[in-house]
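What follows is a short report on a single structure.
Rule-based calculations on the coordinates, nothing more; no lab input. The structure displayed is predicted, hence computed values, not measured ones. A quick note on method: Cβ atoms are made from the backbone with ideal geometry, for glycine too, and the neighbour counts reach across all protein chains shown.
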Amino acid sequence: MKDEQPSFTASWVAGWRGLGHLLGDAQIADDPFGARFGGRWAEALARAGAHPALRAGLIRLPQIANWVGYMQVRTRLIDDQLRSFLAAGGRQVVILGAGYDCRAARFAALLAGARVFEIDHPATQARKRAVLDGAGASPVVRYVAWHFERRALGELPAALAELGLDVARPTLTIWEGVTMYLSPAAIDATVAAVRGLGGDGSRLVFNYLTRQALERPRGLARVAAAAVARVGEPFTFGWDPAELPAWMAARGWRLTIDRDLAVAAGELLPAAVAARVEASNRHIAVATVG
Ligand SMILES: C[S@@+](CC[C@H](N)C(=O)[O-])C[C@H]1O[C@@H](n2cnc3c(N)ncnc32)[C@H](O)[C@@H]1O
């Protein structure tokens, strides 16, 4: 990403995450802060979507259905992981490359008594805090500014331990929308560092591009790859799903879930919207310790 600028892609995905109400009764995730982070275009769509007649027309537009549907499924699957971790008694959550992920605010009641740490690029994090302040939201979060390619990730467990993370207890790490932007070395260092963030019962939830999508993007995926490259945040990394279980096992993780987002869209969204979601070769995966 461009070095001292807040992430553009973080604001793009947050904007779409804030537009779930365009699905009306079929909405499966809600982010009341997302449109603010998206900026004017997202706020204008959010206002238009408050009118039922306009909403029905907007969600028929292919690009709108694609982005709203994709972000609804991605958000919902990760929200479900957060709920399940908390229901199992987990009380430590680390959000890596948090961007404008507002789970700390969206799940404030469920997270009462839990510790949430957000790690991100300093510029993106500063904008997030300013926008949330402007919205009058003050989730209980320990913010940690970190440049993944500059500061050794091996230092992360000790840095978070100093801020109150108990690395012997289960930790849920959410790594959403980040893996595709990192170098292979940063991916390896991150997965090793996250392994040091918690004990048995820890989970890592992340989404990724398949290597096939990275090397031979087609259709809207090709347009997306060109667009992110133009804004200085090119896709750089993908996994082959067939190799991921062994790759994770070699690093101390057991891959327990690996879902193709297009398949999940077919299960969770109305058929007309799911058909527009260009999500094949995008996955959400969960790895666990112990
Ligand atoms: C597409 S955004 C995803 C944000 C959020 N997790 C979400 O899904 O909405 C990518 C995030 O990775 C962060 N990021 C990218 N490269 C980074 C780096 N080298 N160091 C720290 N953060 C980085 C950006 O600041 C941004 O918040």
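Using alpha-carbon positions, what is the distance between the centroids of region 112-163 and region 9-73, in Å?
So the separation of the two Cα centres works out to 26 Å.
By how many nm would the segment from Arg142 to Arg211 grow when fully extended, if each residue of separation counts as 0.36 nm and the alpha-carbon distance is taken off?
Details: separation 69, 0.36 × 69 = 24.84 nm, distance 3.39 nm.
Taking 0.36 nm per residue and subtracting the Cα distance, the gain is 21.5 nm.
Take the alpha carbon gyration tensor of region 215-282, find the square roots of its eigenvalues, order them as a ≥ b ≥ c, and report rounded if a/c is under 1.5; if not, report prolate when a/b exceeds b/c, else oblate.
Numbers: a/c = 2.80, a/b = 1.19, b/c = 2.36.
Oblate, because a/c is 1.5 or more while a/b does not exceed b/c.
Report the FRET efficiency, 1/(1 + (r/R0)^6), for Gln63 and Arg83, where r is their Cβ-Cβ distance and R0 is 45 Å, rounded to 0.05. Provide the component values of the computation, followed by the final result.
On the way: r = 30 Å, r/R0 = 0.67.
Efficiency, from the Cβ-Cβ distance: 0.90.
How far apart, in nanometres, would the label points at Arg40 and Ala161 be if each is projected 7 angstrom from Cα along the Cα-to-Cβ direction?
Rounded to a tenth, the inter-label distance reads 4.9 nm.
Can you give me the distance in nm between label points at Arg218 and Glu149, each placed 7 Å from the Cα along the Cα-to-Cβ direction?
Label-label distance for Arg218 and Glu149, simple model: 3.1 nm.
Can you compute the helix-only [θ] at 222 nm over the chain? Use -39500 (n - 2.57) per DSSP H run of at least 4 residues, normalise by all residues, nearest 500 deg cm²/dmol. Each step should come with its number before you reach the end.
Working: 14 runs with 128 residues, N = 290.
About -12500 deg cm²/dmol.
Between Ala53 and Ile28, take the C-beta separation as r, use R0 = 30 Å, and let me know the FRET efficiency to the nearest 0.05.
Details: r = 22 Å, r/R0 = 0.74.
The computed FRET efficiency comes out at 0.85.
Assuming 0.36 nm per residue, please report the length gained on full extension of the stretch Ala275 to Ala227 beyond their Cα-Cα distance.
Details: separation 48, 0.36 × 48 = 17.28 nm, distance 2.22 nm.
Here the answer is 15.1 nm.
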